[in-house]
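**Student:** Can you keep this structure in mind? I'll have questions shortly.
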Amino acid sequence: MRATAIAHPNIALIKYWGKRDEDLILPVAGSLSMTLDTVATRTTVTLGGERDTFTLNGEAAQGGSASKVFRFLDRVRSLAGSHTPAAVVSHNDAPTAAGLASSASGFAALALAASTAYGLELTPRELSRLARRGSGSACRSTVDRFAVWHAGTDDETSYAEQIDAPDMRMIVCEINAGPKAVSSRDGMLLTRDTSPFYTEWAPSTERALERMIAACQAGDFTRIGELTELHAMRMHALTMTTEPPLRYLAPASFAAFDAIAKLRADGVEAYGTADAGPNVVAISRPADAERVAAALSEFGKTHIAAPGRGAYLAADGSGEAA
Ligand code: PMV
């Protein structure tokens with residue numbers, strides 16, 4: 001009747017940008033990510049009451065974010081054959097909607113807490129598919145360490161699963177923690193509808209994913225890094241060809257990419273990526289992470305993340321989110 005789950009954001013090395021099905025949230029191509037061990041969403045779902053409620057970081061949530069959560073609960077209830085309302089209480093360490101994947105940790109935690117509270121016993125694959133319905137990238141935050149999201153062709157075949165990759169660190173640089181101007185969802189639609197390069201995006205992403213999977217399996221950090229930066233640049237180049245142009249990167253983001261290139265020139269292997277916002281995330285080998293963080297600290301607050309756990313239930317089963 002009550003469950004608490006914890007989930008972390010994930011940052012993609014091969015990005016997801018574009019849906020082939022808006023309702024099922026099926027992506028046009030697969031993607032690959034690392035789940036972080038820092039920053040968490042902690043969500044408690046308690047069944048009962050007269051109607052659904054959603055409290056985020058201590059405040060009653062309204063509008064779009066609340067209705068997304070309530071629609072998600074409807075989906076869980078239809079799987080469980082239940083009509084009981086629920087209270088959702090969530091606490092998020094990361095700034096919401098700032099391009100730091102708060103929707104991924106949010107819906108991964110909600111999928112696990114809600115499915116458990118309603119008595120569903122989902123397999124890892126089913127949990128990943130359920131999280132995907134809240135926010136596409138959330139399906140990857142149910143997976144430990146590194147995840148491949150198979151694009152699939154329908155609800156059953158579109159899910160994330162674990163892939164081995166060499167140990168590495170992500171150095172997250174918060175250049176601007178404010179909410180982004182255009183959501184990923186709207187940005188993807190605009191790209192689909194107006195970019196002349198969109199048709200090439202899906203096949204080129206699938207090719208990049210194949211190369212990335214091979215590099216992960218070979219334990220080739222250099223190749224992983226090169227492909228990561230290449231694919232991030234391609235995604236941002238694509239968004240800049242929409243009408244009107246969608247520019248997520250700020251001047252400081254480019255300066256951070258320059259600093260990462262300078263590190264490489266100085267013999268420190270670091271590579272950059274960025275989601276739909278100005279924040280830059282570098283990857284490096286574990287031993288180089290402090291040096292990379294020091295180099296990026298002039299552009300914003302930085303922290304170092306290691307590969308982390310996919311969504312999990314709070315150990316004591318009580319620990320309600322504050
Ligand atoms: O899951 P969404 O709708 O928040 O989209 C995430 C899109 C990117 O973060 C830009 C890329 C990715 O693969 O995470």
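**Student:** If the chain between Thr38 and Phe70 were fully stretched, how many nm would it gain, using 0.36 nm times the residue separation less the Cα-Cα distance?
**Tutor:** Taking Thr38 through Phe70 to full extension adds about 8.8 nm, to one decimal.
**Student:** Non-local amide H neighbours of Ala311 (under 5 Å, H modeled in plane, Pro and chain starts lacking H): which ones?
**Tutor:** His8, Thr142, Val143
**Student:** Using the basic label-point model (7 angstrom from Cα toward the beta carbon), what is the Ser82 to Ala218 distance in nanometres?
**Tutor:** 4.8
**Student:** Once you list every other residue whose beta carbon is under 14 Å from the beta carbon of Arg192, what net charge do they have if Lys and Arg are +1 and Asp and Glu are -1?
**Tutor:** The answer is -3.
**Student:** Just how far, in whole angstrom, is the range 196-253 from the range 264-312 if you go by their alpha carbon centroids?
**Tutor:** The range 264-312 and the range 196-253 have Cα centres spaced 17 Å from each other.
**Student:** Which residues does the label zone of Asp186 cover in the range 50-64, counting backbone N under 18 Å from a point 7 Å along Cα→Cβ?
**Tutor:** 62-64
**Student:** Mind counting lysine pairs for me in the chain? Cα separation below 25 Å, and the two need to be 8 or more apart along the chain or on different chains.
**Tutor:** So the count of such lysine pairs works out to 9.
**Student:** Taking the Cα centre as origin and putting +1 on Lys and Arg beta-carbons and -1 on Asp and Glu beta-carbons, what dipole magnitude results for the range 169-243, to the nearest 20 debye?
**Tutor:** 140
**Student:** I would also like to ask the following. Given +1 on the Cβ of Lys and Arg, -1 on the Cβ of Asp and Glu, and no further charges, what dipole in debye does the chain carry about its Cα centre, rounded to the nearest 20?
**Tutor:** 220
**Student:** Compute the FRET efficiency between Arg20 and Ala287 as 1/(1 + (r/R0)^6), taking r as their Cβ-Cβ distance and R0 = 45 Å, and round to the nearest 0.05.
**Tutor:** Here the calculated transfer efficiency is 0.65.
**Student:** List, in order, the whole-Hz ³J(HN,Hα) value for each residue of the range 244-257 obtained from phi through the Karplus relation with A = 6.51, B = -1.76, C = 1.60 and θ = phi - 60°; use x for Gly and Pro.
**Tutor:** x, x, 10, 10, 8, 7, 9, x, 5, 5, 5, 5, 5, 4
**Student:** Please give the charge dipole size of the range 131-194, origin at the Cα centre, charges +1 on K and R Cβ atoms and -1 on D and E Cβ atoms. Round to the nearest 20 debye.
**Tutor:** For the range 131-194, the charge dipole is close to 260 debye.
**Student:** Sort 203-212, 53-62, 303-312 by the packing proxy (mean of other Cβ within 10 Å over each peptide's residues), most packed first.
**Tutor:** 303-312, 203-212, 53-62
**Student:** Label-point separation (nm) for Glu226 and Arg125, each offset 7 Å from Cα along Cα-to-Cβ?
**Tutor:** 3.4
**Student:** Taking H as built 1.01 Å from N, whose amide H comes closer than 5 Å to the amide H of Thr38, not counting residues under 5 places away?
**Tutor:** Close amide H contacts, sequence-distant or interchain: Ala306.
**Student:** Which stretch or stretches of the range 200-216 have amide N atoms under 18 Å from the point lying 7 Å from Ala237's Cα along the Cα→Cβ direction?
**Tutor:** Backbone N within reach: 200-212.
**Student:** Evaluate the distance, in nm, between pseudo-label points positioned 7 Å from the Cα of Arg264 and of Arg51 along their respective Cα→Cβ axes.
**Tutor:** Roughly 5.4 nm, to one decimal.
**Student:** Separate question: Show me, for the range 26-38, the HN-Hα J-couplings you get by feeding each phi into the Karplus relation (A = 6.51, B = -1.76, C = 1.60, θ = phi - 60°), rounded to Hz, glycine and proline as x.
**Tutor:** 9, x, 6, 8, x, 8, 8, 8, 10, 7, 7, 9, 10
Every number in this text was worked out from the coordinates using simple rules, so none of it is lab data. From a predicted model like this one, the values you see are computed outputs, not experimental measurements. No Cβ is skipped: glycine too gets one built from the backbone with ideal geometry, and neighbour counts run over all protein chains shown.
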